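Input: a single structure, listed below in structure tokens.
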Amino acid sequence: MKLSKHVLLAATLLSSVALAAAPLAATSQAGASAVTTAQKTQSEALPNPTTVYVKQASAPVYSDAQLTKKTGRTLSFGSGWRAFTKITTASGDLSYNVGGNQYVAAADVTTDPNSVSTVQKQNGVVYVANKAGADTYSWKTGKVNGHLAYGTGWRYGTVTTNGTTRVTGYFVSSDQILQVEDVTGAKPGSTSTTTDPSKLGRGVFTVRYAAHPSWSIAKYTLSNGTLKYAGSLPAGSRWLAYGTMQIGGQYYFDLGGQFVPVTYGTFAPAK
């Protein structure tokens with residue numbers, strides 16, 4: 001089992017200037033071949049939003065779509081980046097434009113956040129919510145290496161996250177991970193209490209819209225004091241929260257530059 005971050009349109013690759021700059025062919029046949037090869041390179045506008053996640057230890061950033069000029073900047077493993085266009089050739093995907101004249105190699109990234117798993121320091125307690133108990137898994141091998149009883153509480157000091165900072169598991173020992181689907185932040189059967197949202201700090205936010213528990217909820221970005229819709233978060237998913245912010249008279253959890261109303265889920269504070 002595998003556990004699992006601006007804004008100009010990319011320039012058209014097949015400009016007349018680019019074709020004019022192509023090497024002169026020795027024969028008309030060779031010239032036709034060169035043009036044909038160039039024409040097989042295409043720039044595809046991507047749906048909004050499309051995010052790519054770095055799946056290598058680091059990914060070089062290039063200033064051209066053909067990946068010939070490195071900028072000296074690199075993107076870190078697991079980080080997610082808005083992608084605006086995808087550059088393809090006859091042999092497949094070549095690169096993604098991640099804003100302005102910035103490109104990353106398609107081979108260095110993925111659009112699947114669950115395929116890039118990393119760890120972050122976070123303290124707290126989780127309880128086994130699966131009535132059949134919960135298996136633990138090894139971070140090193142992905143294999144089952146233990147089983148914990150329903151209702152038992154376990155302290156963790158590290159969490160596993162995917163490319164969207166979604167929490168996917170909890171380290172309850174040096175190499176035992178409880179899956180997020182099997183646990184809860186409150187002891188099963190206990191009653192949660194209302195807390196002043198201004199006093200909520202770091203912890204784990206679980207999506208649960210009380211009126212419709214199976215519904216996804218909206219998430220927002222903040223620009224010049226105005227919230228803008230940025231997609232949705234699925235019911236039951238869990239996310240690292242870095243505190244709250246009051247926006248327009250309502251409190252929101254800060255999920256790392258993305259915001260959700262505090263009333264749209266439950267919260268387990270870091271210990």
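How many residues are touching a strand residue (DSSP E or B) at 6+ places or on another chain (Cβ under 7 Å), open to solvent by 70 Å² or more (accessible area, probe 1.4 Å) and outside any strand (DSSP E or B) when one looks only at the stretch 122-139? Let's see the steps before the verdict.
We begin by selecting, within the stretch 122-139, every residue touching a strand residue (DSSP E or B) at 6+ places or on another chain (Cβ under 7 Å); these are 122-129, 133-139.
With open to solvent by 70 Å² or more (accessible area, probe 1.4 Å) added as a condition, the list becomes 123, 139.
After this cut, where a residue has to be outside any strand (DSSP E or B) as well, the list is 139.
Selection size over the stretch 122-139: 1.
Restricting the stretch 141-152 to residues that are at pLDDT 90 or above and small (Gly, Ala, Ser), which is farthest from the chain's Cα centre (by Cα)?
By that ranking, first place goes to Ala149.
Within the stretch 7-27, does at least one residue satisfy the condition of being under 27 Å from Trp239 (Cα atoms), open to solvent by 70 Å² or more (accessible area, probe 1.4 Å), modelled with pLDDT of 85 or more and within 27 Å of the chain's Cα centre (by Cα)?
No: the stretch 7-27 contains no residue that is under 27 Å from Trp239 (Cα atoms), open to solvent by 70 Å² or more (accessible area, probe 1.4 Å), modelled with pLDDT of 85 or more and within 27 Å of the chain's Cα centre (by Cα).
Just checking, which of Pro197, Pro261, Pro213 is at pLDDT below 80, surrounded by 15 or more Cβ atoms within 10 Å (Cβ to Cβ) and farther than 26 Å from Thr118 by Cα?
Pro197
Mind checking which residues of the stretch 60-85 are under 15 Å from Pro113 (Cβ atoms) and outside any loop (DSSP other than H, G, I, E, B)? Break it down into steps so the answer makes sense when it comes.
Just the residues of the stretch 60-85 that are under 15 Å from Pro113 (Cβ atoms), to begin with: 75-83.
Correct list: Leu75, Ser76, Gly80, Trp81, Arg82.
Kindly establish whether Asp93 is touching a helix residue (DSSP H, G or I) at 6+ places or on another chain (Cβ under 8 Å), surrounded by fewer than 17 Cβ atoms within 10 Å (Cβ to Cβ), of a type in the set (Asp, Glu) and modelled with pLDDT of 50 or more.
Working: touching a helix residue (DSSP H, G or I) at 6+ places or on another chain (Cβ under 8 Å): yes; surrounded by fewer than 17 Cβ atoms within 10 Å (Cβ to Cβ): yes; of a type in the set (Asp, Glu): yes; modelled with pLDDT of 50 or more: yes.
Taking the combined requirement at face value, the residue satisfies it.
Using the structure shown, decide if Tyr220 is at pLDDT 90 or above, open to solvent by 50 Å² or more (accessible area, probe 1.4 Å) and not small (Gly, Ala, Ser).
Working: at pLDDT 90 or above: yes; open to solvent by 50 Å² or more (accessible area, probe 1.4 Å): yes; not small (Gly, Ala, Ser): yes.
Criteria met by Tyr220.
Residue by residue, here is whether (1) surrounded by fewer than 16 Cβ atoms within 10 Å (Cβ to Cβ); (2) in contact with a strand residue (DSSP E or B) (Cβ under 8 Å, 6 or more places away or on another chain); (3) charged (D, E, K, R) holds:
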residue	(1), (2), (3)
Thr51	no, yes, no
Ser63	yes, yes, no
Leu67	no, yes, no
Lys70	yes, yes, yes
Trp81	no, yes, no
Phe84	no, yes, no
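Check Gly142 against each of (1) open to solvent by less than 60 Å² (accessible area, probe 1.4 Å); (2) assigned to a strand (DSSP E or B) and name the one condition it does not meet.
(2)
Using the structure shown, decide if Val167 is of a type outside the set (Lys, Arg) and under 18 Å from the mean Cα position of the chain (by Cα).
It is true that Val167 is of a type outside the set (Lys, Arg) and under 18 Å from the mean Cα position of the chain (by Cα).
Which of the following residues is open to solvent by less than 10 Å² (accessible area, probe 1.4 Å) and either out of contact with any strand residue (DSSP E or B) (no Cβ under 6 Å at 6 or more places or on another chain) or within 18 Å of Lys121 (Cα to Cα) (or both): Val167, Val172, Val180?
Details: Val172 fails: open to solvent by less than 10 Å² (accessible area, probe 1.4 Å); Val180 fails: open to solvent by less than 10 Å² (accessible area, probe 1.4 Å).
Residue meeting the stated conditions: Val167.
The values are calculated or read from the model by the stated rules, or taken from the named source; none is laboratory data. Not measured: the values here are computed from a predicted model. All Cβ positions, glycine included, derive from the backbone under ideal geometry; neighbour counts span all protein chains shown. These accessible areas exclude ligands, DNA and RNA; they are computed on the full protein's heavy atoms, side chains included. Shrake-Rupley method; radii C 1.70, N 1.55, O 1.52, S 1.80 Å.
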